[in-house]
Amino acid sequence: MLSVPWVCSRCIARSARLTRNPRLFYQRRGLQTDSELSPALLVRARTLATEHASLSSQLATSFDSKIAKRIGELGPVTKALEQWNNANKSISELQSLLEDPQSEAELRSLAVEELETAKAVLTSVSNDLKRALVPRHPFADLPCLLEIRPGAGGDEASIFAFELLQMYIAFCARRGLRPTVIKRELGDGREDALTEAVLEVEAPGAYDLLRTEAGVHRVQRVPTTEAKGRTHTSAVSVMVLPSFPDTGSGADSALNFDDPSSDWYIDPQEVRSEKMRARGAGGQHVNKTESAVRLTHLPTGIVVSMQDSRSQQANRKKAWQILRARIAEGRQQAREQELVELRRGALGGIGKMDRGDKVRTYNYGQSRCTDHRSGCTIHNLDDVLEGGESLETVMDSVRMWLTDREMLAIASGV
C-alpha cells in the first residue's frame, strides 16, 4: 500500500488518504485490490475483449486502417484478460485438488507449491490488466516541452530553477533521450539563475514519461547568502507540454494544424505577432537587429516571446511551437477538468492535481525528496538532482498513483 504524507487534522487526514491513496479508497468502498478485480473492471475488460474479437473478424474480410488501429489499442487488454483467466483457472484446479480427500499426499504437496506460484502470477497479470485498462493519454506518444519558471523565493528560486533544468537534462541523457534547451533566460549578473527555460525532448513518448513532473516543486535549504543559517523555502513551476514541431499535416487529425477541430489548430488571425530587439548580452547584434519575436494569442491571452537565436525566422518558428503546445495542453486540460467535475460526486471529492499544485519537496537538510501525490520519499537527494535512479523511482511512484486513480474512476462507473 502506498504511504500517505502526515497531516495534523483528522478530517483533513482522512480526506487526503482517500484522495492521495486510491487503494485505501478501494478498501473503504469494498472494492478489490492487488490480485482481485472489481466487477466493474472485469465487465469493462470483457466488453473490450468482445469488441476486439468482433473487429478482428471484420478485419479478416476487409482491411480498414481505423479498425486495425483500434485492434492494436485493444490488444493489450485482450492479452492481459486471457492471462488473468488462465491464472484463475489454474488456481481453481489446484484448490480443487487440495480439497479432494482422495488426493495423494505427494500430489497435494506439489499442489501447495504450485498454488503459491499461481497466486504470484495472478497478482502480476492483475496489475498488467489494470494498466491495460487505463485509457492512454492522447499526447502519450509525442515528444514534449518542459517549461521551468521560478516562483516565490527570489534569487533562491531562480537558482533552484537552474538546478532543476540540469536535473532533467541529466535524466534525459541517462535515458538516451535528446534534450535541447530551446529557451534559456538568465537572471541579471548570474549564470546559474533562471528566469525562464524551455527544454525540448524530441523522443517519441517523452510526454508520457515526463508528464508526472508538472506542478510546483518546492525546495527547503539554507541559501549561500543566508548569514544566520536559516532554512528558506522557495518554489519553481514546471509545465510539461506536448510537442509536435513539424508541419502537422499528417493523416492523424489530432495533429493536423489546419483542422479547426484539432487541439493543435490556431487561427493565425487570432495571433498578434511583434518584432523587437533582443535584450541582454550580445554586442552590436542586439543593438542593431530586431530578431526577437513575441506572439500573443488574443482569445486566451497566452504570450510567448523568443530571442535565443540571432535569426528572427528561427525565433518565430520556436515561438509558434511553444504557443501551439500551450494551447493544445490547455484544451486537453479543459476536457480533463470536465471529467473531474463528474468524478467528484462518485469518488468522495477526489479531484485532479495539476500544474498549479505543490507536487514535490526537495529538503536539503534531510537529503530528502518527497512526492506529495504518491507519498514516495527518497533519502538520496543528490542522486535525485543528478537525474539518477532515485528520480526515476519517484516518477514511477507517481505513474502508479495515476493508474490507481484511473482504476478508481473506472471501478466507480464514472
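The values are calculated or read from the model by the stated rules, or taken from the named source; none is laboratory data. Because the structure is predicted, anything quoted here is derived from the model rather than measured. Neighbour counts are summed over all protein chains in view; Cβ atoms, including those assigned to glycine, are modelled from backbone coordinates with ideal geometry. Only protein heavy atoms, including side chains, enter the accessible area calculation; ligands, DNA and RNA are left aside. Shrake-Rupley method; radii C 1.70, N 1.55, O 1.52, S 1.80 Å.
Being closer than 30 Å to D141 by Cα, in a helix (DSSP H, G or I) and of a type outside the set (D, E, K, R) narrows it down to one residue among A45, A87; which is it?
Working: A87 fails: closer than 30 Å to D141 by Cα.
Being closer than 30 Å to D141 by Cα, in a helix (DSSP H, G or I) and of a type outside the set (D, E, K, R) holds for just one of A45, A87, which is A45.
Mind checking which residues of the stretch 133-176 are over 17 Å from the mean Cα position of the chain (by Cα), of a type in the set (A, V, I, L, M, F, W, C) and in a loop (DSSP other than H, G, I, E, B)?
A152
Considering only the stretch 128-157, how many residues are modelled with pLDDT of 85 or more and among the small types (G, A, S)?
4
Identify all residues within the stretch 60-77 that are in a helix (DSSP H, G or I) and loosely packed, with under 10 Cβ neighbours inside 10 Å; write none if there are none.
A60, T61, S65, K66, listed by residue number.
Listed here are the residues, each with its yes/no results for (1) among the aromatic types (F, W, Y); (2) touching a strand residue (DSSP E or B) at 6+ places or on another chain (Cβ under 7 Å); (3) over 20 Å from V394 (Cα atoms); (4) buried (at least 17 other Cβ atoms within 10 Å of the Cβ).
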residue	(1), (2), (3), (4)
N127	no, no, no, no
K130	no, no, yes, yes
I169	no, yes, no, yes
T180	no, yes, yes, no
R184	no, yes, yes, no
E196	no, yes, yes, no
E213	no, yes, no, yes
V216	no, yes, no, yes
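So which pairs qualify, if the first residue must be in the stretch 47-67 and modelled with pLDDT under 95, the second must be open to solvent by 60 Å² or more (accessible area, probe 1.4 Å), the Cβ gap must be under 7 Å, and the two must be at least 6 apart or on different chains?
Hits for this filter: L55/R70; I67/Q58.
Are any residues in the stretch 358-400 in a helix (DSSP H, G or I), touching a residue at least 24 places away in the same chain (Cβ under 8 Å), open to solvent by 10 Å² or more (accessible area, probe 1.4 Å) and closer than 24 Å to N127 by Cβ, and if so, which ones?
Looking only at the stretch 358-400, we keep the residues that are in a helix (DSSP H, G or I), and these are 381-385, 389-400.
Narrowing further to those that are touching a residue at least 24 places away in the same chain (Cβ under 8 Å): 384-385, 391-392, 394-395, 397-400.
Applying the additional criterion that residues be open to solvent by 10 Å² or more (accessible area, probe 1.4 Å) yields 385, 392, 397, 399-400.
Hits for the stretch 358-400 are E392, S397, R399, M400.
In the list E106, E114, which residue meets the criterion of being at pLDDT 85 or above, part of a helix (DSSP H, G or I) and among the acidic types (D, E)? Write out each step before concluding.
Numbers: E106 fails: at pLDDT 85 or above.
After ruling out the rest, the residue left standing is E114.
With respect to D192, is the statement that it is among the acidic types (D, E), farther than 24 Å from L323 by Cβ and not in a strand (DSSP E or B) true? Quick ask: steps written out before the conclusion?
On the way: among the acidic types (D, E): yes; farther than 24 Å from L323 by Cβ: yes; not in a strand (DSSP E or B): yes.
So D192 passes the test.
Residues being closer than 19 Å to P135 by Cβ and surrounded by 14 or more Cβ atoms within 10 Å (Cβ to Cβ): count how many of those fall in the stretch 47-59. Don't jump to the end; show me each part of the working.
First, pick out the residues of the stretch 47-59 that are closer than 19 Å to P135 by Cβ: 47-52, 55.
Now narrow it down to the ones that are surrounded by 14 or more Cβ atoms within 10 Å (Cβ to Cβ): 48-49, 51-52, 55.
Of the residues in that region, 5 qualify.
Being in a loop (DSSP other than H, G, I, E, B) and either within 20 Å of S367 (Cα to Cα) or free of Cβ contacts under 8 Å to residues at least 40 places away in the same chain (or both) is the filter here; which residues of the stretch 195-224 pass it?
Passing the criteria: V222, P223, T224.
I'd like to check something: does the stretch 220-239 contain any residue that is open to solvent by 50 Å² or more (accessible area, probe 1.4 Å) and within 21 Å of the chain's Cα centre (by Cα)?
No, because not a single residue in the stretch 220-239 is open to solvent by 50 Å² or more (accessible area, probe 1.4 Å) and within 21 Å of the chain's Cα centre (by Cα).
Give the residue that is modelled with the highest pLDDT, with candidates limited to residues of the stretch 261-296 that are crowded, with 17+ Cβ neighbours inside 10 Å, of a type in the set (G, A, S) and closer than 16 Å to Q312 by Cβ.
In this case the residue turns out to be A292.
Can you tell which of D141, D155 is within 30 Å of Y364 (Cα to Cα), open to solvent by 20 Å² or more (accessible area, probe 1.4 Å) and not β-branched (V, I, T)?
D155
Go through (1) open to solvent by less than 50 Å² (accessible area, probe 1.4 Å); (2) under 26 Å from V43 (Cα atoms) and name the single condition L98 misses.
Result: L98 fails condition (2) only.
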